[in-house]
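Written below as structure tokens is the structure these notes are about.
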Amino acid sequence: MPQPIPDRDQQIVQTHAAFICEAVACLQNADAGTRLDALLRQARDSGWQALADGVRAIAGGVRDLDRLG
């Protein structure tokens, strides 16, 4: 039996799961700044500037959803 197609939000999460896991691992490791920069540069270069900006803001301590855009 075919699997149902996930809703839009779940498709986005599945597509970016590796990025999300890598970003979280970098944010949890103070020595991973270079790795995080490379990851965010790759995201930006792939057309995900807003995502990269949001993760960079979180890394900088921003927690206010209104400021994360």
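Once the 1.4 Å probe is applied to the protein heavy atoms, the chain comes out at 79 Å² accessible per residue.
Rolling a 1.4 Å probe over the protein chains gives Asp66 an accessible area of about 140 Å². Between the helical axis of 49-59 and the longest alpha-carbon principal axis of the chain there is an angle of about 60 degrees.
Could you tell me what percent of the accessible area of the stretch 11-69 is made up of carbon and sulfur, with a 1.4 Å probe and every protein chain present? Carbon and sulfur together cover 53 percent of it. Between the amide H of His16 and any residue lying 5 or more places away or on another chain, no distance stays under 5 Å, with hydrogens modeled in the peptide plane. Working value for the chain: equivalent-ellipsoid semi-axes of 25, 15, 12 Å, each the square root of 5 times a Cα gyration tensor eigenvalue, largest first.
Spin-label model, Asp45/Leu27: points 7 Å from Cα along the beta carbon direction are separated by 2.3 nm.
The values are calculated or read from the model by the stated rules, or taken from the named source; none is laboratory data. It should be emphasised that the depicted structure is a prediction, and the values quoted were computed from it without experimental measurement. Glycine gets a Cβ as well: all are built from the backbone with ideal geometry, and neighbour counts include every protein chain shown. With ligands, DNA and RNA removed, areas are computed over all heavy atoms of the protein, side chains included. Shrake-Rupley method; radii C 1.70, N 1.55, O 1.52, S 1.80 Å.
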